[in-house]
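Below is one structure, written out as structure tokens, with a few remarks after it.
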Amino acid sequence: MQLRYAFRLYPDPGQQRALAKAFGCARVIYNDAVRAREDARTAGLPFPTAGQLSTRLITDAKRTPARSWLAEVSAVVLQQSLRDAEMAYRNFFASLKGTRKGPRTGPPRFKSRKDARQSVRFTANARWSITPGGRLNLPKIGAVKVKWSRTLPAAPTSVTVVKDAAGRFFASFVIDTDPAADAVRMPKTDRTVGIDLGLTHFAVLSDGTKIDSPRFLRRAEKKLKKAQRELSRKQKGSKNRAKARLK
């Protein structure tokens, strides 16, 4: 089973520029792959394979003046972007055939620099690491500060760096777990308890314990209402309005 753990990142200005470059290069490779597939479809030709696209869009492109800047980011980031495009087409065709569960998916679309979410993924062969000081060391980016809220239960197999619409950075680690090993780590007990989820309380236990609802949504709604009032008072086109919009 795979579990995902996300933590807040605090890159310095130089690291933010390096991440922006990585986001942009990954986006370009993804769009080039989609364009190559669509051009082949329009011309009635077979889809180029992943190996052909890797050679044409990454290896050969780095040697050209127009795409030489691709060499400034980790090659693993570019390869993962190609794999993402490949997976998007697989999901699309599986959805057309009805072999994919869930809602029907559309064909892959081009990514924009204005998309609310930007991300790049580093697998184990990218040689990323967690330093003894607790920083996330990423190739061609550096050691980024991490706000650890808990301990990872095992060594991660990959990490995805995400920038959200508010400009915040996160590291999302993927952990492969063994259910048998997880069961061994749990303390043994002969006690049992029943849990009843409710409306007035989050949960009521069979021993009479009542757990209050955290009401995350209600608190977030109040904060959003206050932030919207502050935004409406800011002058259009000002820097303070841009900051209020992100908030």
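The values are calculated or read from the model by the stated rules, or taken from the named source; none is laboratory data. Note that this is a predicted model, so its numbers are computed, not measured. Cβ: placed from backbone, ideal geometry, glycine included. Neighbour counts: every protein chain shown.
Of all residues being within 22 Å of ALA6 (Cβ to Cβ) and among the aliphatic types (A, V, I, L, M) in the stretch 172-196, which is modelled with the highest pLDDT? Just the residue, please. Here the answer is VAL174. Among residues of the stretch 185-205 that are in contact (Cβ under 8 Å) with a residue 12 or more places away in the chain, those with a Cβ under 7 angstrom from a residue that is charged (D, E, K, R) and assigned to a loop (DSSP other than H, G, I, E, B), sequence gap 6+ or separate chain, pair up as VAL193/ASP207; HIS201/ASP212; PHE202/ASP212.
Residue-wise test of (1) surrounded by 12 or more Cβ atoms within 10 Å (Cβ to Cβ); (2) more than 17 Å from the chain's Cα centre (by Cα); (3) assigned by TED's automatic domain parsing to the domain that holds GLU38; (4) assigned to a loop (DSSP other than H, G, I, E, B).
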| position | (1), (2), (3), (4) |
| --- | --- |
| ARG113 | no, no, yes, yes |
| GLY133 | no, yes, yes, yes |
| ALA155 | no, yes, yes, yes |
| ARG191 | no, yes, no, yes |
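For the stretch 157-189: of the residues being of a type in the set (S, T, N, Q) and in a loop (DSSP other than H, G, I, E, B), which is farthest from ALA242 (Cα to Cα)? Give the derivation first.
Step one: list which residues in the stretch 157-189 are of a type in the set (S, T, N, Q), which gives 157-158, 160, 172, 177, 189.
If we keep only those that are in a loop (DSSP other than H, G, I, E, B) too, we end up with 157, 177, 189.
Working: THR157: 37, THR177: 42, THR189: 54 Å.
Filtering first and then ranking leaves THR189.
So, ARG127, is that one touching a strand residue (DSSP E or B) at 6+ places or on another chain (Cβ under 6 Å) and either assigned by TED's automatic domain parsing to the domain that holds ASP39 or within 14 Å of LEU9 (Cα to Cα) (or both) or not? Criteria not met by ARG127. Condition first: assigned by TED's automatic domain parsing to the domain that holds ARG150, surrounded by 17 or more Cβ atoms within 10 Å (Cβ to Cβ) and free of Cβ contacts under 8 Å to residues at least 12 places away in the same chain. Can you find one or more residues in the stretch 74-97 that meet it? Checked the stretch 74-97: at least one residue is assigned by TED's automatic domain parsing to the domain that holds ARG150, surrounded by 17 or more Cβ atoms within 10 Å (Cβ to Cβ) and free of Cβ contacts under 8 Å to residues at least 12 places away in the same chain. Here the stretch 5-18 is the region considered, the condition is being surrounded by 12 or more Cβ atoms within 10 Å (Cβ to Cβ) and small (Gly, Ala, Ser), and the residue that is nearest to VAL159 (Cα to Cα) is ALA6.
Per this entry, ALA33 is counted among residues that are touching a residue at least 40 places away in the same chain (Cβ under 8 Å) and surrounded by 15 or more Cβ atoms within 10 Å (Cβ to Cβ). A single member of PHE202, PHE169 is modelled with pLDDT under 90 and of a type in the set (Phe, Trp, Tyr), and it is PHE202. Listed by first and then second residue, the pairs linking a residue in the stretch 223-243 that is outside the structural domain of ALA166 (by TED's automatic domain parsing) to a residue that is loosely packed, with under 11 Cβ neighbours inside 10 Å, with Cβ atoms under 8 Å apart and 6 or more places separating them unless they lie on different chains, are ARG241/GLN235.
Going by the conditions given, is GLN2 crowded, with 17+ Cβ neighbours inside 10 Å, in contact (Cβ under 8 Å) with a residue 60 or more places away in the chain, in contact with a strand residue (DSSP E or B) (Cβ under 7 Å, 6 or more places away or on another chain) and not charged (D, E, K, R)? The answer is no for GLN2.
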